[in-house]
C-alpha cells in the first residue's frame, strides 16, 4: 500500500478546511492518526509506503509518526528517511527537517536511498524484500518542468535495478496523466491505478499511483475510499 498521510493532519483536501483549520499544519490531532491506523489495520497490507510523515517535530509532540504507526499496527520493521539532502539548507529548519517518507513492513528488508538532482524533494526509496524492489517517490508539486526532469532521472535509476520492481508514490501530476507518457515509454512500466485519488473529499486527479515492471505478476489493485488525508491510499497485490 502507498499512502500520503499528510502528516496525519486529517485535512481532506477541501479549500474550506485548508483555510479554516490551518492550525492542523502546526499541531497535529491525535484523532486523525487513529483513523489512519484503523484503515491500515483493516486493509492489512504487508508493506506500507508512506509519504509526508513527521519524524518527531514539535507539532507531533516530538514523536515519530512512523514509530507510532508501526507500534499500533504491530509491524516489527519501520524505516524513515528525510526527503531532503542531508547537507541542504532545509536541514537547518526544525520543522522541515522532520518531514520524511517511511516504509513499514512485516518482514525485514534492505532499504536503499537514491537521490534526484532536480527539485526540492530528492528522495527515492528502494525497499528490497523477497527479491523484489519497491520504489517510492514524492515528486515536485509546483512545477511541471521540474517533474519532467525528475521523471527522466527516475527512469535512469530504475534502469539499473536488477530485480523485478514496482514503483509507487505521489507523482503530483496536476497537469494530467500525459505527464507520464514519456516516462512510461522509457521504462516500459504498466500503470495499475485507474482511479483518481486527490482530493480525497472529491477525487479528480490521478496523483497517487502504482506502476509495475513487465515481469511483475499483478493479482489486483485498487483505491481505498477514505478521507483521512487529502490523498486516497492505493494498493496492489502481487504474486510472490
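In table form, for the structure just shown:
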read-out	value
Selection within the range 159-188 - buried (at least 18 other Cβ atoms within 10 Å of the Cβ) and either more than 21 Å from residue 48 (Cβ to Cβ) or free of Cβ contacts under 8 Å to residues at least 12 places away in the same chain (or both)	173, 179, 180, 183, 187
Any hit, the range 149-160, residues being in a strand (DSSP E or B), modelled with pLDDT of 95 or more and within 17 Å of the chain's Cα centre (by Cα)	no
The range 1-38: number of residues that are closer than 18 Å to residue 57 by Cα, in a helix (DSSP H, G or I), without any contact (Cβ under 8 Å) to a residue 24 or more places away in the chain and touching a helix residue (DSSP H, G or I) at 6+ places or on another chain (Cβ under 9 Å)	2
Answer from 238, 201 - the residue that is over 18 Å from the mean Cα position of the chain (by Cα) and closer than 17 Å to residue 134 by Cβ	238
Residue satisfying condition, being at pLDDT 90 or above and in a helix (DSSP H, G or I), within set 104, 50, 69	69
Enumeration of residues in the range 53-66 that are assigned to a helix (DSSP H, G or I) and either surrounded by fewer than 20 Cβ atoms within 10 Å (Cβ to Cβ) or touching a residue at least 60 places away in the same chain (Cβ under 8 Å) (or both)	58, 59, 65
Boolean, residue 198 is touching a residue at least 60 places away in the same chain (Cβ under 8 Å) and surrounded by 14 or more Cβ atoms within 10 Å (Cβ to Cβ)	yes
Residue 136 vs. criteria at pLDDT 95 or above, under 18 Å from the mean Cα position of the chain (by Cα) and buried (at least 19 other Cβ atoms within 10 Å of the Cβ)	yes
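The values are calculated or read from the model by the stated rules, or taken from the named source; none is laboratory data. Only a predicted model underlies this, so the values are computations on that prediction, with no experimental measurement involved. For neighbour counting, all protein chains shown are included, and Cβ atoms are generated from backbone atoms with ideal geometry for every residue, glycine included.
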